[in-house]
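Scroll down for the structure; my scribbles are underneath it.
No value in this document is a laboratory result; all are computed from the given coordinates. None of these values were measured; they are calculated from a predicted model. Here the Cβ positions follow ideal geometry from the backbone for every residue, glycine too, while neighbour counts run over all protein chains shown.
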Amino acid sequence: MDKVIENFQHIFQTPFQSSVLVFAVILFIILLAPLLFRRIKVPGIIGLILAGVIIGPHGLNLIAKNSAIDLFSTIGLLYIMFLAGLELDLKGFANYRHKSLVFGFFTFIAPLSIGYPVCRYLLEFSFETSFLVSSMFATHTLVTYPIVSRLGISRNEAVGITVGGTMLTDTAVLIILAIISGSVSGEITLNFWIKFSISVLLFLIIVLVLIPKWANWFFRNFEGEKNSHFIFVLAMVFLAAFLSELAGLEPIIGAFAAGIALNRLIPHTSVLMNRLEFVGNSLFIPFFLISVGMLINLRVLLEGPHALIIAATLTIVALIGKYIAAWITSAIFKYSKAYRNLIFGLSSSHAAATIAVIMVGFRIGIVDENILNGTIVLILVTCLVASFVTEHSAKRVLIVDKINAPVLPTVRDQKILVPIYNPNNMERLLDLAIAIKNPKNRFPIIGLSVVEDDQEARQKLVEAKRTLEKAIIHAAAVDQEVEIITTISQNVPSGIKRVATEIFATEIIIGFALKSQFTDLLFGNLIKYIVENTNQAVWVCSISPHLSQHKRIVVVCPRYADREYGFNLWLDRVFRLAKTLKVPCQFLSTPQTFRHIKEYLDTSKIAISLKHVEFTDWTDFIEISVHIQPSDLVIITLPRNGGISYKINQEGIPRLMAKNFENYDFILVYPNEVEDTQERMFSNDFDNNLIDEGLNHLTQKAKSLTEVFRKK
C-alpha cells in the first residue's frame, strides 16, 4: 500500500514527470480554454496564453519548460508565420495595390515613428531593443476579420486595403527583425552587408522560385497521394525555415516566405488547406501560445510600478500609432468616419507576428521579462479594442453606405430541411415548409431524423424511418414531394448541422421547445446550437395544426433588419406564406425597414395586403400584445449574435414568448448569414457540443454497465 501511495505521489509530483500526463493536460487546455473564453466573448488566444501562465514555472509549476515543450513551441511559431503567408489575399492586394501601398506605408511608419522615441527616451531601452519593440507596434493580425466576413462586407474597399497593408507591414517588420538579429550576433560592416545580401538573394530564389516549381511538379505527378501532399508542404516549410537560418535570417521569415510561395498553389477552399489549418489551429499553434504563457511572470507586474508603466505605455503607443495610420489614410482617400474606424479596428489587433517578433527578441536577449509581460497585456487589450471597434464600425458602414451584398441563393435553389425529433410536430412543420416553398422549386422537402449513437441505435433507426414515411404520405396528399433521411450521430444537434451542410439547405424548420438540461448552461440546447453553428435561415416554430385558420400574419422586425444579409430571403418566404394562407401582413418595424419591405414587395409582384405599425421599443417587448390577436400568426425576426440588428435583450425573447404568449402561434426566424469558408487563425471556432457529446457517450456507457451489474 505504501508503495502504491509513493508511486501515486511520484506521478503527481510537480512539475509533472510523466510525458503522457503532460500531454493530456495540454490537450485539455487546448480543448477547454478557448471554449470557455469564447463564452465571455474574449478571443481564444488570450485563454491559451493565460492557461500557460497558470500551469507554467511562474504559476502552479505543473509543467516544466523543457526541450520537448521548446520543440513543439518552435513548430507552432513557424506554423503561425507559414499560415500568415498562406492566407494572405494576394488577389485582393492586387485589386487595391496602390491604396494598400499607401496604407501599408503609414501603418508601418506611424507606429515606428511614435514608438522609437518613446522606447528610447521615455522607457530608456537600448537602440536595438527600442527599434525592435517599435517595429513590433507596426505589425497587426487580422483577428477581427471574421466579423466583417460575417456581416458581408469583406469585399469593401476599406477591408481590402487593410488586408493588403497587412502583407506589406508584416513583411517590412520581419526584414527589420533579420537586420537586428544580425547586428546582435556581430558588428554590421560592409562585409556583413555583402554576405547578407548574397545569402538573402539565394534564399529568395530557392524559396520563391524553386519551391513553387517543386510543389507544382509534386502535386501534378502524385495527384492521388493526398497524405503525401500534406507532408510535402510541411517539409518545404521547414526546409525554407532552415535555409532562412543559414542565410542569417530568423527561421520565421523562411516559414512566412514559404507560405507566400505556396499561396497560389493551395486554394483556400481545398482539402489540403483544410488539413493544414486543422492541424495548425488544433495542435501546433495552441501549443505555442501555451508555451508563451509559460514564460510570463505576472509577479513582475506586482513588484513595482515600472513593469506596469511599461505595459501601459506599450499598449497606448500601439493603439495610437495604428489610429494615426488609419486617420491619415482616410484623409488622403477622403473616407468617411465609419471607414476610418473600420480600418483602425481591423489593423489594431496584435497577435501572431507580434508574438513572433517579441519571442525572437527574448531568445536573443534584447527583450526582458518586463517587455514580454507588457506585450501580453498589449495583445489582450488590443484584441478586445479591435473587436469592439470593428463590430461597431462595420455596422455603421452597412447602415450609412449601400454595400453590394453577396449573391443570395435564388428561390429555385430553395432546399428546406425539416428535422423531426417530435412526431407530434411532424405534420404542422411539413405544412409550414409546403406553404413557404416556391412551386417552381425543383428540390423536394427533406425530412430528417437523427438517432443518437448508442446500443439501441439500430432499433431507433427503423422506428425513425417508419415515422418519416408518414411524412411522405402527408405531403403526397397535397402533391408535394418529400425525401427522407435517417442518420446516426453522437447527438441530435451535430447531426442536423452536418446534414444541413451536406445537402446545401437554405432553411431549417424545427419545433420550439424550452426543455433545459444542466449541460445547456455551458454548451447550449438544440435550438441555440443550431442557430450558433449554421448559416442557414432557421425557423423555430410554435404553431397549431390548423395553419390555414389564421386571419393575419404579424411580423416584428428589429431596427436595421433590412441591412441583414438574409433579409430578402426570409421576406420572400413570409410573402409566399401570406399568399398561400390568403391573409394580409402587418409589420411592426421602423419606417426605414418598412420602406425596404414595400420596395421588395413591388419587385416580387406578389399580391398581398400590407400594413405598418411603427415599433422600436424592444426593451419592453411584451408591449407587442397591444398589436396582436390570438387569431394572428406572429413572426419575429431575430438576428444572430453579431448581426447588425442584434441587441443583447433579444436573447430573452424566446422565453418571453413561451411564458406570455403560450396561446399564440408564433415563429422565430433567424435569417441567413454570410457563409465564411475561410477559417482565420485564432478564431477558435470550437464546436460547442464536443464536450456534450463526450458526456452523452459516458452516460450511455454508464447505463450499460449498470444494466450488466443488475443482471448479475
* Structure fact -> Along the range 488-494, Karplus-curve 3J(HN,Hα) (6.51, -1.76, 1.60; θ = phi - 60°) to the nearest Hz, with x for Gly and Pro, reads 9, 8, 4, 8, 5, x, 5
* **Inter-site label distance for Ala513 and Val279 at 7 Å from Cα along Cβ, in nm** => 4.1
* Label-reachable residues, the range 561-584, where backbone N falls under 20 Å from a point 7 Å from Asn441's Cα toward its Cβ -> 565-583
* **Restricting the range 279-367 to trypsin sites (Lys or Arg not before Pro) in coil, as DSSP defines it, with at most 14 other Cβ within 10 Å** => Lys334
* Starting from the Cα-Cα distance between Arg220 and Ser604, subtract it from 0.36 nm times their residue separation and give me the gain in nm to one decimal. => 133.4 nm
* Around Phe587, which amide H atoms from residues at least 5 apart in sequence, or from another chain, sit under 5 Å from its own amide H, with H modelled in the peptide plane? -> Val555, Lys611, His612, Val613
* Asked: What list of ³J(HN,Hα) couplings, whole Hz, do you get for the range 500-511 from phi and the Karplus terms 6.51, -1.76, 1.60, once you set θ to phi - 60° and write x for glycine and proline?
  -> 4, 6, 5, 9, 6, 5, 9, 9, 10, 10, 10, x
* Asked: Which ordering of Thr144, Thr590 is given by a fewest-first count of other beta-carbon atoms within 10 Å?
  -> Thr590, Thr144
* To do: Can you tell me how much longer the chain between Lys551 and Glu502 gets when fully stretched, taken as 0.36 nm per residue apart minus their C-alpha distance, in nm with one decimal?
  => 13.9 nm
* Structure fact -> Neighbour-count ranking for His98, His306 (other C-beta within 10 angstrom, fewest to most) reads His98, His306
* Contour minus Cα-Cα distance for Arg299 and Phe192 (0.36 nm per residue) -> 34.4 nm
* Structure fact -> Note on the range 543-673: contact order normalised by length, alpha-carbon pairs under 8 Å, 6 or more apart, percent, works out to 36
* Modelled label-to-label distance, Ser126 and Leu384, 7 Å Cα→beta-carbon offset: nm? -> 3.4
* Asked: Pairs of lysine in the range 543-673 with Cα under 26 Å and at least 8 positions apart or on different chains: total?
  -> 16
* Structure fact -> Pseudo-spin-label distance Ile309 to Asp368, built 7 Å along Cα→Cβ, given in nm, is 1.2
* To do: Can you tell me the dipole magnitude for the range 276-364 around its Cα centre, using point charges on the Cβ only (Lys, Arg +1; Asp, Glu -1), in Debye to the nearest 20?
  => 340
* To do: List, in order, the whole-Hz ³J(HN,Hα) value for each residue of the range 385-390 obtained from phi through the Karplus relation with A = 6.51, B = -1.76, C = 1.60 and θ = phi - 60°; use x for Gly and Pro.
  => 4, 4, 4, 5, 5, 5
